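Participant: Okay, handing you the structure first.
The values are calculated or read from the model by the stated rules, or taken from the named source; none is laboratory data. Everything numeric here is computed off the predicted structure, so don't read it as measured data. Quick reminder, even Gly has a Cβ in these numbers, built from the backbone with ideal geometry, and neighbours come from all protein chains shown.
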Amino acid sequence: MSNVRPETMQRITTPELANAFIEEQIAAVKQQVGNKKVLLALSGGVDSSVVAALLIKAIGKNLVCVHVNHGLLRKGEPEQVIEVFRNQMDANLIYIDATDRFLNKLEGVAEPEKKRKIIGEEFIRVFEEEARKLDDVDFLAQGTIYPDILESGPVKAHHNVGGLPEDIHFEGLVEPIKLLFKDEVRVIGRALGLPSNMVDRQPFPGPGLGVRCTGAITRDRLEALRESDAILREEFAKADLEGKVWQYFTIVPDYKSVGVKGGLRSFEWPCIIRAVNTRDAMTATIEEIPYDLLHKIVCRITNEVNGINRVLYDLTPKPTGTIEWE
Ligand code: XMP
């Protein structure tokens, strides 16, 4: 398949068009890989999940999915990957909990780019180690999509975590969705029966919660971040905002302020809410969260999350702020 989308290619907008695309790709993948094995790093994001579901249909257990939990995933994510792919789709899924390995490497590292680099490199290393244990995989599958090809640019370059394992030779790459735009990938995902919260997921950076637990990551602050993020997502879902706001998440910075909790002085972290809309992530505007919803989120986070005594709402568009805090 060439890397250029033909001008005549129809935009995939309906389940019928999605099914036709799926059938076409199943045939193409079967032809490309025959009876050989294919390896896929399955993050649980939209793109890799759609590739996994498609390849399971095409080659079943000859697809080997590797899900690396770097300890910086959102609450419930690794569990959902295991539930959907291993339990429901009967995939050949290797789950690696590498939390300790990543957090140990990151201990005391406060510089944002250094953190990103450690996470990216460690990810490739863990993936390579697993790949080497499986001596009979011939192809590597990837969830490349068309904007990845178009954006040769700066956003992807510094954002990509993972990339190709360098010292393992594969016979070829399997990239069944590389000519599709994101909205088309979501239509395909729905047609493949993936759950809607997986298909409509907001973008999530490769280094995950690592860029939202600012400065040197500690386990307790990471936990406060994970819990506050889960509350925010739950309340957005209840308010029917899921899939309607580009990105919404919390940040827990590495400093504390004084407060009162249960009549006693507290000295705890603040939690910052960020909710933005954008078309291309180059600029972004603020989602105006209704005041009553904000109020509910503040109440829940300060009551339910250990270590948080204040909640702030970041009203800075991009520019001058970036979407993430690191
Ligand atoms: P910024 O913070 O630069 O983010 O305004 C723009 C978009 O990119 C996402 N992002 C990342 N994605 N690895 C990724 O895969 C990264 O290191 C990374 N940093 C930011 C961010 O979530 C937003 O959607």
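Participant: Is it the case that residue 275 is within 15 Å of the ligand (Cβ to nearest atom) and surrounded by 15 or more Cβ atoms within 10 Å (Cβ to Cβ)?
Facilitator: Working: within 15 Å of the ligand (Cβ to nearest atom): yes; surrounded by 15 or more Cβ atoms within 10 Å (Cβ to Cβ): yes.
So residue 275 fits the description; yes.
Participant: Another one. Please work out if residue 116 is farther than 30 Å from residue 17 by Cα, at pLDDT 95 or above and within 16 Å of the ligand (Cβ to nearest atom).
Facilitator: yes
Participant: Does the stretch 296-307 contain at least one residue that is more than 18 Å from residue 197 (Cα to Cα) and in contact with a Lys or Arg (Cβ under 6 Å, 6 or more places away or on another chain)? Walk me through it before giving the result.
Facilitator: Within the stretch 296-307, the first condition is being more than 18 Å from residue 197 (Cα to Cα), and the residues that meet it are 296-307.
Add one more test, that the residue is in contact with a Lys or Arg (Cβ under 6 Å, 6 or more places away or on another chain), and what stays is none.
No, the stretch 296-307 contains no residue that is more than 18 Å from residue 197 (Cα to Cα) and in contact with a Lys or Arg (Cβ under 6 Å, 6 or more places away or on another chain).
Participant: Show the residue pairs that are 6+ apart or on different chains and have beta-carbon atoms under 9 Å apart, the first residue being within the stretch 1-14 and under 16 Å from residue 185 (Cα atoms), the second being β-branched (Val, Ile, Thr) and modelled with pLDDT under 95.
Facilitator: 5/149
Participant: Within the stretch 249-270, is there a residue that is modelled with pLDDT of 95 or more and over 21 Å from residue 309 (Cβ atoms)?
Facilitator: There is no residue in the stretch 249-270 that is modelled with pLDDT of 95 or more and over 21 Å from residue 309 (Cβ atoms).
Participant: Would you point out which residue out of 51, 38, 46, 33 is more than 20 Å from residue 137 (Cα to Cα) and of a type outside the set (S, T, N, Q)? Please lay out each step first, then the result.
Facilitator: On the way: 51 fails: more than 20 Å from residue 137 (Cα to Cα); 38 fails: more than 20 Å from residue 137 (Cα to Cα); 33 fails: more than 20 Å from residue 137 (Cα to Cα).
Just one listed residue meets the conditions, 46.
Participant: Quick check on this structure: which one of 40, 93 is in contact with a Cys (Cβ under 6 Å, 6 or more places away or on another chain), surrounded by fewer than 22 Cβ atoms within 10 Å (Cβ to Cβ), touching a residue at least 40 places away in the same chain (Cβ under 8 Å) and assigned to a strand (DSSP E or B)?
Facilitator: Working: 40 fails: surrounded by fewer than 22 Cβ atoms within 10 Å (Cβ to Cβ).
Only one candidate qualifies: 93.
Participant: I'd like to know if the stretch 52-69 contains one or more residues that are assigned to a loop (DSSP other than H, G, I, E, B), surrounded by fewer than 19 Cβ atoms within 10 Å (Cβ to Cβ) and touching a residue at least 40 places away in the same chain (Cβ under 8 Å).
Facilitator: No, the conditions are met nowhere in the stretch 52-69.
Participant: Answer with yes or no whether residue 209 is within 16 Å of the ligand (Cβ to nearest atom), among the aliphatic types (A, V, I, L, M) and modelled with pLDDT under 95.
Facilitator: Spelling it out, it is not the case that residue 209 is within 16 Å of the ligand (Cβ to nearest atom), among the aliphatic types (A, V, I, L, M) and modelled with pLDDT under 95.
Participant: Can you name the number of the only condition in (1) surrounded by 15 or more Cβ atoms within 10 Å (Cβ to Cβ); (2) within 16 Å of the ligand (Cβ to nearest atom) that residue 282 fails?
Facilitator: (1)
Participant: Restricting to the stretch 290-326, and then to whatever is in a strand (DSSP E or B) and in contact with an Asp or Glu (Cβ under 9 Å, 6 or more places away or on another chain), can you tell me which residue is farthest from the ligand (Cβ to nearest atom)?
Facilitator: Applying the filter and picking the extreme gives 309.
Participant: Then there is this: Output the residue which, of all residues in the stretch 212-241 that are more than 16 Å from the ligand (Cβ to nearest atom) and of a type in the set (A, V, I, L, M), is nearest to residue 285 (Cα to Cα).
Facilitator: 241
Participant: If you don't mind, there's one more thing I want to ask. Looking at the stretch 234-244, can you tell me whether even one residue there is of a type outside the set (Gly, Ala, Ser) and more than 23 Å from the chain's Cα centre (by Cα)?
Facilitator: no
Participant: A further question follows. Answer yes or no as to whether residue 244 is more than 15 Å from the ligand (Cβ to nearest atom), basic (Lys, Arg), more than 19 Å from residue 225 (Cα to Cα) and out of contact with any strand residue (DSSP E or B) (no Cβ under 7 Å at 6 or more places or on another chain).
Facilitator: Spelling it out, residue 244 is indeed more than 15 Å from the ligand (Cβ to nearest atom), basic (Lys, Arg), more than 19 Å from residue 225 (Cα to Cα) and out of contact with any strand residue (DSSP E or B) (no Cβ under 7 Å at 6 or more places or on another chain).
Participant: Being more than 20 Å from residue 175 (Cβ to Cβ) and not in a loop (DSSP other than H, G, I, E, B) narrows it down to one of 23, 83, so name that one. Lay out the reasoning, then the answer.
Facilitator: On the way: 23 fails: more than 20 Å from residue 175 (Cβ to Cβ).
Sole residue among the options that is more than 20 Å from residue 175 (Cβ to Cβ) and not in a loop (DSSP other than H, G, I, E, B): 83.
Participant: Would you please list the contacts, defined by Cβ atoms under 7 Å and residues six or more apart or on different chains, that run from a residue in the stretch 264-291 that is among the small types (Gly, Ala, Ser) to a residue that is more than 14 Å from the ligand (Cβ to nearest atom) and at pLDDT 95 or above?
Facilitator: 266/259; 266/260; 266/309; 275/289
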